[in-house]
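Derivation of every value follows stated rules applied to the coordinates shown; laboratory data play no part. A quick note: this is a predicted structure, and the numbers were derived from the prediction, not measured. Here the Cβ positions follow ideal geometry from the backbone for every residue, glycine too, while neighbour counts run over all protein chains shown.
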Amino acid sequence: MLNVYSVDEIIILRAPAVPYTEWNEPIAPTEETVKGYVEWKTRLVRNLAGEEVVSSGNVLIKIDTTVDHIDKLKINSVEYPILTIEYGKDFSKVWTRIYFQ
């Protein structure tokens, strides 16, 4: 059911487990391209620290792996930090709603 609404291309920038090499140079994040639905809607959400922040939108995607708060979203060549991650079930499929700033 969710595949019908998955019309936007979203890139998940996955942060590496070790952010620096042995010579203290930063490691580039890996990119994973997924289809999803981007909703540009301002909303007040709580971040990982429990603070209330303003989210400029959210993304609804269906992926098999988990997304972490240190990862970033890239939509239309702009990177957005992840504020809140919600997991849910719909027709026995797992979907993820990610609020970004």
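A Förster distance of 22 Å, applied to the separation of the beta-carbon atoms of R46 and I70, puts the FRET efficiency at 0.80. For the stretch 27-98, the set of chymotrypsin sites (Phe, Trp or Tyr not before Pro) satisfying both a DSSP loop assignment and a count of at most 11 other C-beta atoms within 10 Å is given as W40, F91. Mean-square fluctuation check for the chain, GNM, Cα pairs under 10 Å: which of L83, L44, L73 is largest? Residue with maximal mean-square fluctuation among L83, L44, L73: L44. For the stretch 41-101, trypsin sites (Lys or Arg not before Pro) are listed when DSSP marks them as loop and at most 13 other Cβ atoms sit within 10 Å of their Cβ; the list is K41. A crude spin-label estimate for the pair S77 and Y20, with each label 7 Å from Cα along the Cβ direction, gives 3.2 nm. With each label modelled as a point 7 angstrom along the Cα→C-beta vector, the V54-E39 pair spans 1.9 nm. Over the chain, what per residue volume does the convex hull of the Cα atoms give, in whole Å³? Considering the Cα atoms of the chain, their hull volume per residue is 110 Å³.
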